[in-house]
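Note sheet for the following structure.
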Amino acid sequence: MSEAFVETIISLGSNIEKERHLPEAIRLLRRHRRIEVRKVSRFFESAPVGGPESAPDFFNAALLACTDLDPQELRSALRQIEEVLGRERSEDKNAPRTIDLDVAYYGSMVAEFDDWQLPDPATSEAPHVAIPIADVAPTWTDPVTGKTAYDLMLGVDAATEAVRPVTSITLATPYESRGPDEFDQTGDVYAPQLESIIRAELLEIGENPDREGLVRTPLRVAKALDFLTNGYSTSLSEVVNNAVFDAEGADEMVLVKDIEFYSMCEHHMLPFFGKAAVAYLPKGKIIGLSKVARVVDLYARRLQVQERLTNQVADAISEILSPHGVGVVIEGQHLCMMMRGVQKQDSSTVTSAMRGTFKSDPRTRSEFIELSR
């Protein structure tokens with residue numbers, strides 16, 4: 001993230017179909033082009049505050065994110081997600097809701113707007129807000145009190161609310177499709193807006209989306225697209241997850257090859273797939289070997305062109321390790337050439353990206369090319 005990006009904490013709550021709406025809100029936040037979700041708290045359950053006794057309990061969570069949106073733009077983006085998930089606002093602030101998204105903190109900003117303020121006063125007053133924030137960012141410093149989120153959590157009046165961690169629901173990792181598989185059996189929905197678009201596409205090509213073989217297709221395609229493009233919903237720091245280690249004396253080439261990948265071309269949204277070889281010359285640090293494959297997946301699971309994918313992997317390894325050099329070679333087969341267009345079944349594309357000594361030293365480059373075959 002550039003210096004223009006600001007760390008923010010967003011509070012989430014739901015008590016209407018909360019098992020579905022809370023994960024879906026997180027999914028949509030991860031997909032937002034100008035919001036990078038870095039960490040999500042556990043889910044916590046508590047009784048509604050100020051509403052009718054018959055109202056269902058809430059699920060609450062908090063997430064740590066970065067954004068280049070200003071505070072009002074961020075709040076507007078959150079309101080748009082609320083609308084997508086069917087939030088209907090009324091004069092009753094304690095009415096049940098499908099989702100509630102609020103900016104709890106925006107960097108160290110202290111400000112008042114027309115009908116809201118930063119930080120959100122609930123961060124130091126409401127256990128259902130303070131506890132998830134302390135869970136996701138315990139060392140976050142409140143700009144008003146100077147206390148950490150953990151200390152603020154200890155200071156709230158826990159007697160006013162019983163806040164319990166939820167163990168029955170866990171979010172999928174960025175490398176798995178999101179949402180419980182049982183949706184296929186229950187007739188529930190997974191991503192309402194996306195499924196509606198897919199249904200419209202079926203109608204557009206002349207199909208009947210209500211016939212037996214297609215009735216669950218919008219759900220399945222939505223889940224498949226979510227999995228195949230989940231590179232948009234995570235970040236490099238989340239993938240690496242601190243798996244960078246000191247390696248004094250390690251100065252020989254590290255090569256991970258035959259890394260299988262699957263991606264989708266951005267021109268036709270058809271798959272391309274193949275293998276990648278990634279090498280680097282350490283400069284005091286190494287990375288867990290599985291993380292190299294994770295980095296390839298991070299960028300492959302987006303709409304791509306192979307040339308950009310190759311450079312993104314090379315730049316990511318350079319950013320993580322600051323090594324003496326990085327080399328990446330990718331060979332892929334593109335269904336947009338095999339299924340349509342020129343229809344050449346045996347064609348393949350090879351791309352490379354060299355950084356540092358891999359670019360400046362022919363011997364290093366030649367060694368890498370030879371070893372990666």
| said: As a quick test, which of the pairs LYS223/LYS283; LYS257/LYS283; LYS223/LYS291; LYS257/LYS344; LYS39/LYS283; LYS283/LYS344 have an alpha carbon distance above 31 angstrom in this structure? | reply: LYS223/LYS283; LYS283/LYS344
| task | Please give the peptides 19-31, 201-213 ranked by average Cβ packing (other Cβ atoms within 10 Å per residue), highest first, as a rough proxy for protection. | result | 19-31, 201-213
| Rounded to the nearest 0.05, what FRET efficiency do ALA111 and LYS39 have when you use their Cβ-Cβ distance and R0 = 30 Å? | 0.80
| request: May I ask for the angle, rounded to the nearest 10°, between helix 217-228 and the longest principal axis of the chain, with both axes built from Cα atoms and the value confined to 0 to 90°? | output: 60 degrees
| remark: Helix-only [θ] at 222 nm, the chain, -39500 (n - 2.57) per DSSP H run of 4+, per residue, nearest 500, equals -10000 deg cm²/dmol
| query | Once the Cα atoms of the chain are picked out, what are the Rg and Dmax in Å? | reply | 23.7, 74
| task | Quick one: angle between helix 127-136 and the longest Cα principal axis of the chain, in degrees between 0 and 90, rounded to 10, please. | result | 20 degrees
| Additional length obtainable on full extension of the chain from ALA200 to LEU255, 0.36 nm per residue less Cα span | 15.2 nm
| said: Starting from the 7 Å offset along Cα-to-Cβ, what nm value, one decimal, do you get for the label separation of SER237 and GLU207? | reply: 4.1 nm
| query | Per 10 Å bin, what percent of the C-alpha pairs of region 6-165 does each bin hold, from zero upward? | reply | 11, 43, 39, 7, 0
| remark: Plugging the Cβ-Cβ distance of GLN193 and ASN311 into 1/(1 + (r/R0)^6) at R0 = 35 Å yields, to the nearest 0.05, a FRET efficiency of 0.65
| Inter-centroid distance (Cα atoms) of region 242-280 relative to region 101-140, Å | 39 Å
| remark: Under Stokes-Einstein, region 235-372 at 20 °C and 1.002 mPa s, with its Kirkwood radius over C-alpha pairs, diffuses with a coefficient in µm²/s of 140 µm²/s
| message | Tell me which of LEU270, VAL144, ILE198 sits at the most positive position along the dipole axis of the chain, charges placed on C-beta atoms (Lys, Arg +1; Asp, Glu -1). | response | LEU270
| task | Calculate the spin-label point distance for GLN343 paired with PHE245, positioning each point 7 Å from the Cα along the beta-carbon direction, and give it in nanometres. | result | 5.2 nm
| said: Give me the one-decimal nm value for the distance between modelled label points at GLN80 and ALA47, 7 Å along each residue's Cα-to-Cβ direction. | reply: 3.9 nm
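Read-outs: derived from the displayed coordinates by stated rules, not from any lab. Everything numeric in this text was worked out from a predicted model, so none of it was measured. Neighbour counts are summed over all protein chains in view; Cβ atoms, including those assigned to glycine, are modelled from backbone coordinates with ideal geometry.
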